[in-house]
Amino acid sequence: MFYRETGQFKQSYAADQAVFPILQDRLGLALILLVAFVVVPLFGNEFLLASVMVPFLILSLGAIGLNILVGYTGLLSLGSAAFMGVGAYAAYKLSTIFPGVNILVWILCSGFFAAGIGVLFGLPSLRIKGFYLAVATLAAQFFLQWCFVRISWLYNDNPSGAIEVPARTLFGLAITGPSATPVTRYLVVLVIVVVMTQLASNIVHGRIGRTWMAVRDMDIAAQLMGIRLLPAKLLAFAVSSFYCGVSGALMVFLWLGAAEPSAFDIKLSFLLLFMVIIGGLGSMIGSFFGAALIHILPIVIRGLPEALGLPIAAATVEHLTYLIVGALIIFFLIVEPHGLARLWQIAKQKLRVWPFPY
Amino acid sequence: MLYNIFIDPFVQMVQMPDLLVQTLWEGLVSGVLYALIALGFVLIFKASGVFNFAQGIMVVFSALTLVGFYEKFSAAGFSGHTAAFVALILTAGVMFVLAMLVERVVLRPLVNQPDIILFMATFGITYVLIGLGEMVFGGDPKQMIASELFLPSGSVDVEMLGGLVSFQKIDIAAAVIASAMIVGLALFFQKTRIGRALRAVADSHKAALSVGISLNQIWVIVWFAAGLVALVTGIMWGARSDVSFALEIVALKALPVLVLGGLTSVPGAIVGGLIIGIGEKLGEFYWGPLLGGGIESWFAYAIALLFLLYRPQGLFGDKIIERI
């Protein structure tokens with residue numbers, strides 16, 4: 001009744017091809033951004049900001065990166081956590097070698113290092129496909145993680161073997177290090193994530209994105225149509241790793257504050273893959289849904305017994321969390337194998353014709 | 001530098017052949033165990049096209065169930081061997097129930113979905129099994145009931161090539177049992193009615209359905225077979241070290257084995273396992289120190305990657321034919 005495009009006439013091709021052609025969609029997006037930028041920082045408590053929203057946004061960014069590779073280009077990768085690690089270590093090295101330059105510059109630059117490494121490990125993708133490629137990317141995962149442990153230059157010979165984030169400021173406000181407040185960190189992450197999501201959305205809606213999707217749907221057919229596979233696949237690896245790298249740098253600098261190599265282990269890779277698949281392959285909003293589900297659900301499950309006053313031991317809660325998350329993954333896959341993004345689409349479609357059934 | 005990489009390791013090999021034999025033997029044994037896990041993967045992949053990530057956790061889960069049952073029975077007053085074998089049978093029963101559940105709850109609703117969705121679903125199974133296993137059996141490492149199952153312990157020292165080479169008896173037993181199991185599976189696949197049905201399903205789901213083979217039944221059988229392989233693997237690994245969730249990481253080692261041999265090939269899983277196991281041990285022993293050690297974590301993947309670049313479908317995999 002209220003969500004309907006009736007009467008919205010497009011007078012130019014640009015308006016017709018917009019990502020959000022319906023006015024209500026644009027209003028909804030504006031509302032979400034308003035809530036994210038104003039309401040959450042004003043009314044959110046420290047726990048919500050530091051332990052829920054910041055990780056959620058950072059993981060969403062990583063999921064977008066992986067979605068570009070898996071969802072849009074159809075290249076299965078299990079090495080995304082390692083590329084996040086490359087971003088984190090690159091940002092750390094750069095910020096300690098050149099302390100004068102603003103930290104945000106280095107966080108964004110670290111993405112280029114991750115992209116370089118990503119291209120290198122993406123080279124076999126021209127020959128190897130499917131699950132075989134997934135295992136090849138595992139080589140990247142384990143090799144890079146080994147590098148983070150063994151090459152002491154990467155963590156400045158720190159005896160603990162961990163990277164610790166130096167305190168840095170922007171316009172006089174501390175944004176990294178222990179003195180940064182959750183609100184500032186949240187806002188910094190939010191700005192970066194919003195800008196990069198917009199950028200990714202533009203890429204996948206443009207010529208490059210169409211190239212990727214053609215490669216995903218059938219690479220030989222794409223090749224016959226004049227798409228050069230090597231540049232297309234390597235570009236996908238580069239962009240994907242760039243996003244993962246920035247997300248890794250953000251993870252260490254604005255969320256964890258310090259990280260050991262084990263922060264970037266294979267579990268994180270799998271978590272990102274979960275997010276992408278549960279959220280919806282080849283969908284920007286799906287990456288956010290997936291990250292929200294996978295990150296926030298365990299927090300909720302862990303908090304529930306306490307909130308309800310049930311006397312359950314912490315260890316049992318941990319095991320139950322595993323059990324429930326696993327069951328939910330299967331449940332969601334059965335209900336909607338195309339992910340939460342598809343559910344969202346169906347809901348919108350239903351809303352469009354509401355109150356009529358069709 | 002070049003000398004250290006290309007010549008020195010070989011000089012060492014020739015100078016100390018006893019060490020070489022020892023390393024080869026260790027590689028062979030871990031290769032056999034990798035091959036066992038990979039075998040479980042291949043069985044399921046061939047019959048249902050599912051890349052079963054849960055194989056690793058099935059190994060842990062079956063081993064934990066076995067030990068858990070044994071503890072219950074020995075507490076109830078049964079003697080060691082009886083309790084162990086009753087527990088073994090009951091564990092096999094649990095694996096059968098698990099196979100039925102997986103087929104009914106996960107596979108049947110997801111039939112005809114893309115591979116990656118099924119792959120993810122097996123992740124869900126992994127999580128459920130981790131949660132369930134830790135809740136029921138606790139997270140502490142457990143002792144495998146090796147001697148109660150008549151598995152030997154101790155080692156045999158053989159003097160050869162100017163040195164002592166020691167063979168763990170349990171390793172020899174593992175190699176023998178694994179070989180027996182592989183032969184048994186091969187016979188089962190080639191000679192029995194069900195085995196033929198399994199091969200038909202592996203070739204083409206639709207064709208198999210059209211000649212009256214029940215896919216659901218075949219899937220239960222295959223998951224049960226993979227569960228039994230997991231149980232044997234669990235016993236063997238558990239006897240070498242403790243039974244704990246750390247074993248799960250071993251499953252990741254089976255992945256390079258798998259792609260090296262080809263996802264659809266049983267002999268491939270075995271040859272791949274041996275190549276990876278031996279290559280890994282040799283690499284760690286002779287080239288590892290040059291790189292600062294610990295290269296075991298990624299060396300297997302590097303070997304697999306190199307082989308894949310040469311043969312993208314693995315050594316024994318079906319040739320990938322692509323049509324427009």
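The values are calculated or read from the model by the stated rules, or taken from the named source; none is laboratory data. Since the model is a prediction, treat every value here as computed from it, not as a measurement. So basically every Cβ, Gly included, is an ideal-geometry build from the backbone, and we count neighbours across all protein chains shown.
For residues in region A:292-340 being aliphatic (A, V, I, L, M) and at the interface with chain B (Cβ under 7 Å from one of its Cβ atoms), which is farthest from the chain's Cα centre (by Cα)?
My answer is A:Leu320.
Given (1) out of contact with any strand residue (DSSP E or B) (no Cβ under 7 Å at 6 or more places or on another chain); (2) touching a residue at least 60 places away in the same chain (Cβ under 8 Å), where does A:Tyr132 come up short, assuming only one miss?
(2) is the only condition that A:Tyr132 fails.
Residues that are hydroxyl-bearing (Ser, Thr, Tyr) and surrounded by fewer than 18 Cβ atoms within 10 Å (Cβ to Cβ): does region A:71-82 have at least one?
No, because not a single residue in region A:71-82 is hydroxyl-bearing (Ser, Thr, Tyr) and surrounded by fewer than 18 Cβ atoms within 10 Å (Cβ to Cβ).
Does region B:284-310 hold any residues that are buried (at least 20 other Cβ atoms within 10 Å of the Cβ) and either outside any helix (DSSP H, G or I) or facing chain A (nearest Cβ under 7 Å) (or both), and which are they?
Listed by number, the residues that qualify are B:Ile295, B:Trp298, B:Tyr301, B:Ala304, B:Leu305, B:Leu308.
Can you name the number of the only condition in (1) within 12 Å of another protein chain (Cβ to nearest Cβ); (2) part of a helix (DSSP H, G or I); (3) free of Cβ contacts under 8 Å to residues at least 40 places away in the same chain that B:Ile321 fails?
Of everything listed in (1) within 12 Å of another protein chain (Cβ to nearest Cβ); (2) part of a helix (DSSP H, G or I); (3) free of Cβ contacts under 8 Å to residues at least 40 places away in the same chain, B:Ile321 misses just condition (2).
Show the residue pairs meeting these rules: Cβ distance below 8 Å; 6+ apart or different chains; first residue within region B:58-79 and farther than 17 Å from B:Gly131 by Cβ; second residue among the hydroxyl-bearing types (Ser, Thr, Tyr).
B:Leu66/B:Thr91; B:Phe69/B:Thr91; B:Phe73/B:Thr82
Which one of these is at pLDDT below 80, within 11 Å of chain A (Cβ to nearest Cβ), surrounded by 19 or more Cβ atoms within 10 Å (Cβ to Cβ) and assigned to a helix (DSSP H, G or I): B:Leu263, B:Leu252, B:Leu258, B:Leu247?
One residue alone meets the criteria, B:Leu252.
Do we find that A:Val52 is of a type outside the set (Phe, Trp, Tyr) and in a helix (DSSP H, G or I) in this structure?
Yes: the conditions hold for A:Val52.
Go through the residues of region A:329-340 one by one and say whether even a single one is touching a residue at least 60 places away in the same chain (Cβ under 8 Å) and within 24 Å of A:Leu187 (Cβ to Cβ).
no
Go over the candidates A:His295, A:His319 one by one and state the one that is touching a residue at least 40 places away in the same chain (Cβ under 8 Å) and either of a type outside the set (D, E, K, R) or surrounded by fewer than 17 Cβ atoms within 10 Å (Cβ to Cβ) (or both). It would help to see each step written out before you state the result.
Details: A:His319 fails: touching a residue at least 40 places away in the same chain (Cβ under 8 Å).
Going through A:His295, A:His319 in turn, the sole match is A:His295.
B:Ile270 is checked against (1) of a type in the set (Val, Ile, Thr); (2) within 12 Å of chain A (Cβ to nearest Cβ); (3) closer than 22 Å to B:Leu151 by Cβ and fails just one. What number does that condition carry?
(2)
Quick grid of which residues meet (1) without any contact (Cβ under 8 Å) to a residue 60 or more places away in the chain; (2) closer than 19 Å to A:Ser125 by Cα:
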position	(1), (2)
A:Val195	yes, no
A:His205	no, no
A:Ile208	yes, yes
A:Ala214	yes, yes
A:Ala221	yes, yes
A:Pro231	yes, yes
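Within region A:176-190, identify whether any single residue is charged (D, E, K, R) and closer than 23 Å to A:Ala238 by Cβ, and answer yes or no.
First, pick out the residues of region A:176-190 that are charged (D, E, K, R): A:185.
So of that shortlist, the ones also closer than 23 Å to A:Ala238 by Cβ come out as none.
The answer is no; no qualifying residue exists.
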